[in-house]
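Notes to accompany the following structure.
The values are calculated or read from the model by the stated rules, or taken from the named source; none is laboratory data. Treat the numbers as computed from the prediction; the structure is a model and nothing was measured. Every residue, glycine among them, receives a Cβ derived from its backbone with ideal geometry; neighbour counts consider all protein chains shown. Only protein heavy atoms, including side chains, enter the accessible area calculation; ligands, DNA and RNA are left aside. Shrake-Rupley method; radii C 1.70, N 1.55, O 1.52, S 1.80 Å.
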Amino acid sequence: MSALIKNRSLMFMRGCGSFRLKEIRQFVHNRNLDDILLLLKEQRSRTEEKIREFEQIQRKIDQRIHQIEDAAKTEELYTVRLTELPERTMIILKQSIRRSDNLEMWIRHLENSSPLKSSVFLGQVGLILSAASLLEHNFDEYGAIFLFAEPDKHVSPDTSVKTLPRQAYLTIRFVGTHADAAEHYEQLLRHAEETGYGITDDALEITYIDYGLTQDASKFVTEIQIPVQKT
């Protein structure tokens, strides 16, 4: 094969994307239309998969940007709100966690059990307080740690997936972390009783902004979400 033809073949392959070395050798030494059509179709399939992956990452980044910008609005703080939230899927690691515990170990465990990448994972973590503990005004021990994610079957055996239906929640945001949540649970429970709402499921406690994003503790924002319905 002349060097000119070989160079033209290589230029064609480079112009069509990132082919595997084996595929390049096959095409350069055995050029025919059937082979190149097969290679191009396989490359198109790989490219489409990469596009889907990047689109998923872009959606998660967009969601995180919106979440941080929304959480930083001071006018949203310390106000009880009745909000309807959409259907959401959680990856859950069931584990008894006390309010005083360092969450880093459980966050790493959950992260390693999740199909999400660390760069997108940041800021998605929450804790679950059981409805029974909530009604007993016991805010010191959680039953699980979770993250919101798109449905995915490939998770660690010690984690589970739960889909929350679209439903109404009483919510409150406050400056602080999980260690500061107890008084805000009390505020939500009083509001529920005064307005005639009953608790329908476990409470979610989500830290939107914490030391993972800033060293300024005055910027930390946590939200409690309690699913309710009119009694």
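Can you tell me which of LEU10, LEU38 is in a helix (DSSP H, G or I), modelled with pLDDT under 85 and open to solvent by less than 90 Å² (accessible area, probe 1.4 Å)?
Values: LEU38 fails: open to solvent by less than 90 Å² (accessible area, probe 1.4 Å).
Criteria check complete, one pass: LEU10.
Out of (1) at pLDDT below 85; (2) surrounded by 11 or more Cβ atoms within 10 Å (Cβ to Cβ); (3) closer than 30 Å to ALA168 by Cβ, the odd one out for ARG46 is which?
With (1) at pLDDT below 85; (2) surrounded by 11 or more Cβ atoms within 10 Å (Cβ to Cβ); (3) closer than 30 Å to ALA168 by Cβ applied to ARG46, the lone miss is (3).
Considering only residues that are closer than 19 Å to ALA203 by Cα and open to solvent by 80 Å² or more (accessible area, probe 1.4 Å), which ones fall in the stretch 49-93?
TYR78, ARG81, LEU82, GLU84, GLU87
Are there any pairs with C-beta distances below 8 angstrom linking a residue in the stretch 120-146 that is charged (D, E, K, R) to a residue that is modelled with pLDDT of 95 or more and buried (at least 18 other Cβ atoms within 10 Å of the Cβ), with the two at least 6 apart or on different chains, and if so which?
These pairs meet every condition: GLU141/SER133.
Pull up the stretch 121-132, narrow it to residues that are at pLDDT 95 or above and open to solvent by 20 Å² or more (accessible area, probe 1.4 Å), then point me to the one that is nearest to LEU103 (Cα to Cα).
SER130
Would you mind telling me which numbered condition in (1) among the β-branched types (Val, Ile, Thr); (2) out of contact with any helix residue (DSSP H, G or I) (no Cβ under 8 Å at 6 or more places or on another chain); (3) at pLDDT below 95 ILE209 fails?
If we test ILE209 against (1) among the β-branched types (Val, Ile, Thr); (2) out of contact with any helix residue (DSSP H, G or I) (no Cβ under 8 Å at 6 or more places or on another chain); (3) at pLDDT below 95, just (2) comes out false.
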